[in-house]
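Every number here is computed from the coordinates shown, using simple stated rules; none is lab data. A quick note: this is a predicted structure, and the numbers were derived from the prediction, not measured. Cβ atoms come from the backbone with ideal geometry, glycine included; neighbour counts cover every protein chain shown.
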Amino acid sequence: MALAATVIAATLGWASLFVASVKFVTPRSLSKPDRVYFASSVVGIAHALYTGMSAAHLLLSGELPMWEAFGEPSPAWERVVTISFGYFAYDALLLLCFPSMPGQAEALLHHFLGLTMHFAPVCIYQKFAALSCMGYICELSTPFVNARWMLKEAGGGSGTRLYLFNGIAIVLSFFVFRVVGLLACLYQIFVLVPRHAPPSFSDLGPLGPYLVPLGGLVFYALNLFWFYKIITGALKLLAPAKRSKAKGATANGRQQESDSGKVEAYPVN
């Protein structure tokens, strides 16, 4: 009962932050759908910083061991996961109310995996807190991902240096935390947990041995898909720059030929 009350309170808290973001933070020049997406991005950044930094603190301080003691409960991490699940509930309701928001299917799948991979094991069964904590480290890349759209639509466009630096931060942080870092979680799921059992995933109910390994693989595949889209977008940004340089070099060569009296100059746009 207390757990449900905390989840409800957290859901209302994240929803209140969304309303405050719409009213006080979101640029009024944006259209209504963009204002909703902007405010939801602000809340997403707040959630990512809270969970990611909490996870980093618990792991780096040694309060949660990274590679063993999977059966030891952690009240501090249970509180973080409960508040985070309130965010997932708020965001799922927001996506259902505004179905035109981009990435809806991927986000709902992400939230479902949050329920099966984190909330149920940590808050209901009180096991695998360290494994969950390591998984949440990947949230440290989320602020840069959310800031990309915000900078493009309300921060001066995609031609600013800040947008460029944020793009570099997206690629680096996503690769470190979500591509490489999540491999450590898969190593724990498929190697360390069976080696150190008990506890085992069978302690999470009859579906535990199937849901957690499958969820880990699906979540990693989802992040590889997102990383592919990030790299594809980065290459598209670099391609116009290369073409512009090539055109500039060609136009410059034609201008020089014209100056020598061989051909007329082409206008340079």
remark   = Each label sits 7 Å from Cα toward the beta-carbon; between ALA234 and VAL171 the label points are separated, in nm, by 0.4 nm
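Is it possible to state the helix-based mean residue ellipticity at 222 nm for the chain, with each DSSP H run of 4+ residues giving -39500 (n - 2.57), the sum divided by total residues, to the nearest 500 deg cm²/dmol? What is it?
Values: 10 runs with 179 residues, N = 269.
Estimated from H runs of four or more residues: -22500 deg cm²/dmol.
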query = Within the chain, which DSSP H helices have Cα atoms that stretch 30 Å or more along the helix axis and a mean Kyte-Doolittle hydropathy of at least 0.0?
reply = 32-60, 75-97, 208-259
ask   = Label-point separation (nm) for TRP67 and GLN126, each offset 7 Å from Cα along Cα-to-Cβ?
value = 2.8 nm
message = If the elastic network links every pair of Cα atoms under 10 Å, which of MET117, MET134, MET53 fluctuates the most in the Gaussian network model of the chain?
response = MET53
query = Given the options PHE85, PHE174, PHE165, which has the most mean-square fluctuation in a GNM of the chain, springs set between C-alpha atoms less than 10 angstrom apart?
reply = PHE165
query = Using a Förster distance of 30 Å, how high is the FRET efficiency between SER200 and PHE112, based on the Cβ-Cβ distance and rounded to 0.05?
reply = 0.85
key: Cα-projected label distance for SER16 with TYR210, points at 7 Å along beta-carbon direction, nm   = 4.2 nm
request  = Just tell me the longest site-free run in the chain, where the sites are GluC sites (Glu not before Pro) in a DSSP loop having at most 13 other beta-carbon atoms within 10 Å.
outcome  = 69-263
Around ALA130: net Lys/Arg minus Asp/Glu count, Cβ-Cβ under 13 Å = -3
Relative contact order (percent, whole number), the chain, Cα cutoff 8 Å, 6+ residue spacing = 19 percent
Per-pair calculated FRET efficiency, R0 = 45 Å: HIS57 and SER29 via Cβ, rounded to 0.05 = 0.75
key: Restraint check, LYS23/LYS152; LYS127/LYS229; LYS32/LYS152, Cα-Cα greater than 26 Å   = LYS127/LYS229
message = Which one, GLY208, GLY155, GLY62, has the greatest fluctuation when you compute a Gaussian network model over the chain with C-alpha springs under 10 angstrom?
response = GLY62
